[in-house]
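What follows draws every value from the coordinates through simple rules; no lab data is involved. In this text the structure is predicted, and so the values were computed from the model without any measurement. Positions of Cβ are generated from backbone atoms using ideal geometry, with glycine treated the same way; all protein chains shown enter the neighbour counts.
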Ligand SMILES: O=P(O)(O)OC[C@H]1O[C@@H](O)[C@H](O)[C@@H](O)[C@@H]1O
């Protein structure tokens with residue numbers, strides 16, 4: 001992504017503080033992501049500070065940092081330099097005196113406070129920070145979901161604006177750092193053959209699916225309170241949808257880019273304005289994935305069966321503008337599914353007329369499939385087949401569009417450390433995303449949409465399979 005002059009230069013020293021440093025996100029995603037960044041840009045001067053309430057031996061912290069940076073691809077010398085210069089602080093972030101002392105100890109230079117914490121804890125810490133002097137050189141990285149519903153997202157924005165300007169706030173959505181997602185921009189806007197047909201006249205429907213074979217994986221503490229709707233659709237998939245549907249920017253800069261994402265999010269409504277028609281939800285029961293037994297979701301440690309958390313969610317939205325009127329955009333994400341499927345599928349309308357003599361009539365539609373992992377683009381077209389030339393056949397034109405040099409978290413961390421907000425979710429965008437799904441949240445809460453079941457390792461509930 002383009003770097004802008006107004007932002008911090010990549011060779012300026014930055015202190016990256018990770019709140020929740022002992023947690024899964026730090027170890028599995030943030031540190032390896034930083035490793036990919038150090039591999040690509042070894043000159044970066046990063047001082048890493050881990051902070052969390054758990055005891056963590058300093059030597060163990062150094063080893064962990066070293067291992068995870070190398071896992072991301074950082075050269076051993078660079079990983080060692082960052083690991084040995086880093087420190088871990090045991091601190092109860094919810095105690096204002098401890099937090100205040102810690103923030104003061106960070107000085108007034110370029111500091112990133114990265115909240116790798118559940119949304120409720122992040123919100124409480126922000127309330128405490130709002131009564132402190134947080135230097136204007138500090139930036140905040142806030143993990144998704146931002147808030148737990150529309151009202152809490154608005155409240156959190158209010159709290160943040162009490163001690164930080166929008167330019168200091170980086171609401172993280174690592175899907176905006178995914179190569180295949182960012183590639184939507186070049187693909188859409190640099191190809192004469194696609195942009196003119198990118199509209200309701202030529203496109204019948206769009207599906208964005210993110211199905212995973214992963215089940216709960218010990219994340220009940222977070223996941224059971226979020227569910228598939230908040231974990232994936234309200235955040236990641238709505239933003240991917242916005243990139244698919246946005247208008248063309250004059251320039252790829254943070255104002256223009258985020259203005260246009262917000263613009264299209266503002267035009268989104270539930271399909272037929274009806275949560276019953278526009279949404280479905282389900283939860284997995286016991287099953288098998290790749291030979292491994294998966295317990296019933298409700299029997300997983302830490303799950304509250306009364307909460308009725310969904311592990312598979314589907315929401316269809318309409319976009320009320322002249323480009324997209326009448327085109328359904330269906331967003332779906334599930335855990336413990338039979339197979340991983342992370343793709344955007346654009347289905348075009350059939351041709352207006354196929355000369356008599358060709359078979360089949362009507363011909364199958366053209367489809368464009370963008371796989372997010374591995375990153376691949378496939379355009380399905382119809383051609384005259386072998387043998388009988390008037391028997392049409394489907395042919396695929398495929399291209400690898402990656403792999404990206406940086407992992408998504410490397411991309412995101414690089415942008416925060418540079419102070420470039422282009423890949424972060426602006427306050428109004430976060431609120432729009434909640435606004436879109438709020439009728440679904442309310443209908444589900446009121447029990448108006450049944451919570452169906454599917455065995456782990458299946459393609460979803462029987463009734464969903466066409
Ligand atoms: O495929 P990726 O990049 O790991 O992203 C998927 C993950 O994204 C996270 O934000 C969700 O909390 C997870 O539930 C999900 O598995």
Please arrange 241, 274 by counting, for each residue, the other beta carbons lying within 10 Å of its beta carbon, fewest first. 274, 241
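So how much slack lies between residue 87 and residue 248, counting 0.36 nm per residue of separation and subtracting their Cα-Cα distance, in nm?
Details: separation 161, 0.36 × 161 = 57.96 nm, distance 4.44 nm.
Going from the current span to full extension adds 53.5 nm.
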Which order results if 386, 393 are arranged by neighbouring Cβ count within 10 Å, fewest first? 386, 393
Only helices counted: for the chain, with every DSSP H run of 4 or more residues adding -39500 (n - 2.57) and the sum spread over all residues, [θ] at 222 nm is -9500 deg cm²/dmol
Grab the beta carbon distance between residue 101 and residue 67, set R0 = 30 Å, and tell me the FRET efficiency rounded to 0.05. 0.50
Label residue 24 and residue 41 with points 7 Å out from Cα along Cα→Cβ: what is the distance between them in nm? 3.0
On a C-alpha basis, how far is the centre of the stretch 433-466 from the centre of the stretch 140-193 in Å? Whole number, if you could? 25
Label model pair residue 452, residue 259: point-to-point distance (7 angstrom along the Cα→beta-carbon line) in nm is 4.3
For the stretch 176-464, build the convex hull from the C-alpha positions and give me its volume per residue in Å³. 161
Backbone N under 16 Å from the residue 286 label point (7 Å along Cα→Cβ), restricted to the stretch 295-309: 295-301
State the extension gain, in nm to one decimal, for the chain segment bounded by residue 75 and residue 94, taking 0.36 nm per residue of separation less the distance between their alpha-carbons. 3.2 nm
For the pair residue 320 and residue 12, the simple spin-label estimate (label points 7 Å beyond Cα toward Cβ) gives in nm 4.3
Can you tell me the mean projection area, over all orientations, of the convex hull of the stretch 15-92's alpha carbons? Units nm², please. 4.2
